[in-house]
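Only one structure is covered here, and it is reproduced in the block below.
The values are calculated or read from the model by the stated rules, or taken from the named source; none is laboratory data. Just so we're clear, the structure is a prediction, and the values are computed from it rather than from any experiment. With ideal geometry, Cβ positions are generated from the backbone for all residues, glycine too; neighbour counts draw on all protein chains shown. Calculation scope for accessible area: heavy atoms of the full protein, side chains included, ligands and nucleic acids excluded. Shrake-Rupley method; radii C 1.70, N 1.55, O 1.52, S 1.80 Å.
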Amino acid sequence: MPDLISPIEVSHRVPGRVWLDGFSQGWEGLAIRGMHLQPYEVDFSTPMHVLIVHRQRSAHMRRVIDGQEQASCLCPGDISLKNAGTTGAWTWSEPLDVLHIFIDPVLLDRVAVEMHGADCSRFKLHDTLSVRDDGLHALAAALADEAAEPRRGSRQMARALGVQLAVSLVRRHGEVVAPARRLGGFESAQAEAIRHFIGDNLARPLTVAGLARLVGLSSDHFGRLFRQSFGCSPHQYVVKARVMRACELLRDPEVSMAVVAADTGFADQSHFTRCFKREIGQAPGAWRAHQALAN
């Protein structure tokens, strides 16, 4: 089993030269790096999805994905896709000029849920050695331009391009994973309304009684149906949603812990720290530091 390595370590595993380094930009859910690579064979796994744009020259490449072999002559403009966590060796016999875009699974999962609603719990990217997609190619080129020449608004531009990239991948290059089927529960439209209301109001007090009124039910009946639909209590779901939103805010080093706690609806910073550590396994400060090193 290959090591699970952070995106920044990928460039240390293969011989070559970095021609574009966008890791210092601190983009939300994205990181980008361009490299000139020498012929090599490498076996690795990364917790991020990876989109690889092949540039300037053709090369023969072989890839083994979870035991299944693919081989192709990759030309400029071809794109390879790697799902987060999948294993397999990559072998190429000629020098490569590539652009790596690392995508946080949280970003693709969030976009997939927004697009497919209660029928989706997460997104699985297709592991593909070679695909042509002019839309993805254009988005990758725009991200590379922002990384090569940072300017006012680059972070906001990267965030917008990242959402477009995620929508394109969810539409054409993967599959949504449906939640486990449960007996009973809310109607699909009710579950979607509850999900959106919670997501839009995380900074405000959220009570079972208030959520129950949203769909015209008693608190007890609402609680039973909620467990059947979401697999946890309303309180557990809200805490998890607040922690996931906090993860997004913590990626910005300029946002203080106190602001993150307030903006995600925790009573105070101490309450935020306890809940975050229980859900993630690390204190918020340690998690933020780890993410900074990974990016």
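The stretch between VAL177 and HIS290, if pulled fully straight at 0.36 nm per residue, gains 37.8 nm over its current Cα-Cα span.
Using a 7 Å offset from Cα along Cα-Cβ at SER45, what residues in the stretch 57-76 end up with backbone N under 14 Å from the label point? So the set is 65-68. Once all protein chains are placed together, CYS232 keeps about 20 Å² accessible to a 1.4 angstrom probe.
Over the chain, DSSP H runs of length four or greater, each weighted -39,500 (n - 2.57), average out per residue to a 222 nm ellipticity of -14000 deg cm²/dmol.
Could you tell me how many degrees, from 0 to 90 and to the nearest 10, lie between the Cα long axis of helix 234-250 and the main elongation axis, the longest principal axis, of the Cα atoms of the chain? Compared with the principal axis, the helix lies near 40 degrees. Can you list the lysines whose alpha carbon is less than 16 Å from that of LYS277, not counting same-chain residues fewer than 8 positions off? Partners within reach: LYS240. The 1.4 Å probe gives accessible areas that order ARG224, ARG251, ARG245, largest first, as ARG224, ARG245, ARG251. Can you give me the angle between helix 269-280 and the longest principal axis of the chain, using Cα atoms only, in degrees from 0 to 90, rounded to the nearest 10? So the helix axis and the longest Cα principal axis differ by about 60 degrees. Using the 1.4 Å probe convention, the accessible area of the chain works out to 49 Å² per residue with neighbouring protein chains retained.
Of interest is the spacing of the C-alpha centroids, which for the stretch 248-295 and the stretch 1-68 amounts to 29 Å. Among the listed options [x] 6, 25, 31, 22, 12, 4, 0; [y] 7, 29, 37, 22, 5, 0; [z] 5, 18, 19, 16, 13, 10, 8, 5, 3, 1, 1, 0, 0, the one matching P(r) over Cα pairs in 10 Å bins from 0, in percent as calculated from these coordinates is [x]. Protection proxy ranking for 259-266, 96-103, using the average of other Cβ atoms within 10 Å per residue and placing the highest first: 96-103, 259-266. Entry note, the chain: relative contact order of 16 percent, from Cα contacts under 8 Å with a spacing of 6+ residues. Residue ranges 270-279, 213-222 sort as 270-279, 213-222 when ordered by packing (mean number of other C-beta atoms within 10 Å per residue, highest first).
For ARG132 and GLU9, the difference between the fully extended length at 0.36 nm per residue and the C-alpha to C-alpha distance is 41.6 nm.
Taking amide H as placed 1.01 Å from N in the peptide plane, HIS49 has its amide H under 5 Å from the amide H of ALA84, ILE103, each at least 5 places away in sequence or on another chain. Compared with the direct C-alpha span, the chain from ALA142 to HIS271 gains 42.4 nm at full extension, assuming 0.36 nm per residue. Using only Cα atoms and rounding to the nearest 10 degrees, what angle (0 to 90) does helix 188-200 make with the longest principal axis of the chain? It works out to around 80 degrees. Calculated FRET efficiency, ILE280 to GLN164, Cβ-Cβ distance, R0 = 25 Å: about 0.30 to the nearest 0.05.
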